[in-house]
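Undergrad: Have a look at this one before I ask anything.
The values are calculated or read from the model by the stated rules, or taken from the named source; none is laboratory data. None of the values given here were measured: they were computed from a predicted structure. Glycine gets a Cβ as well: all are built from the backbone with ideal geometry, and neighbour counts include every protein chain shown.
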Amino acid sequence: MRAGRLLAALVAVAAAAALVAQTGRARDRIGASKRLRVVETVSSRMEALGQAPPGIVAGNFRLLREAQRLDPSRVEPLIALAGQHMLTHQYALAVEIYRQALAFEPRAEIYYDLSQAYVGAGEPQKAREALAQAVALDPDLAGKAPRGAKPAKPRGRPARQGS
């Protein structure tokens, strides 16, 4: 009987600890999401105005580093960080960060953004390769090639009509 109570108490303590950890994790994820939303809003305004004031960009970088620290399981802070480098014409840094994001989670949109960064960095061949990867994952992106990167040509035979 005594062993049963001890086991029940240990299980209750473990469950309470897990609940506390999950609550902290949820708080961190919400905090990361809030920071991402702020950066997205500010970045949209900067892009619309065609300006990237250094103080605001520095604040965005700080918020994105915090978001990444709070929720390292998400790729979005990396994508947003690379986007900030694109806004400030730091294409080589954007390429590096998009490649990190792809290693984390290969998605068509990230390959597409990487192709744009390669165009900005003056690497059209790499831009075409990244675009080909994007199109392989999402054929709808073929019509949205950034300047300097041609759409990937389809491989294989075209489908027959009426079959």
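Undergrad: Restricting to the stretch 65-80, name every residue that is assigned to a helix (DSSP H, G or I) and more than 11 Å from the chain's Cα centre (by Cα). It would help to see each step written out before you state the result.
TA: So in the stretch 65-80, the residues assigned to a helix (DSSP H, G or I) come out as 65-70, 76-80.
Within the stretch 65-80, Arg65, Glu66, Ala67, Arg69, Leu70 meet the criteria.
Undergrad: Hey, any hits in the stretch 84-97 for a residue that's out of contact with any Gly (no Cβ under 7 Å at 6 or more places or on another chain), aromatic (Phe, Trp, Tyr) and modelled with pLDDT of 95 or more?
TA: no
Undergrad: Taking Ser73 as meeting all but one of (1) modelled with pLDDT of 85 or more; (2) more than 18 Å from Ala103 (Cα to Cα); (3) not aliphatic (A, V, I, L, M), write down the number of the exception.
TA: (2)
Undergrad: Tell me, which residue of the stretch 34-58 that is more than 11 Å from Leu87 (Cβ to Cβ) and touching a residue at least 12 places away in the same chain (Cβ under 8 Å) is nearest to the chain's Cα centre (by Cα)?
TA: So, considering only residues that are more than 11 Å from Leu87 (Cβ to Cβ) and touching a residue at least 12 places away in the same chain (Cβ under 8 Å), the one nearest to the chain's Cα centre (by Cα) is Leu36.
Undergrad: Among the candidates Ala12, Ala52, Ala48, single out the residue that is over 23 Å from Ser115 (Cα atoms) and at pLDDT below 85.
TA: Values: Ala52 fails: over 23 Å from Ser115 (Cα atoms); Ala48 fails: over 23 Å from Ser115 (Cα atoms).
Of Ala12, Ala52, Ala48, the one residue that is over 23 Å from Ser115 (Cα atoms) and at pLDDT below 85 is Ala12.
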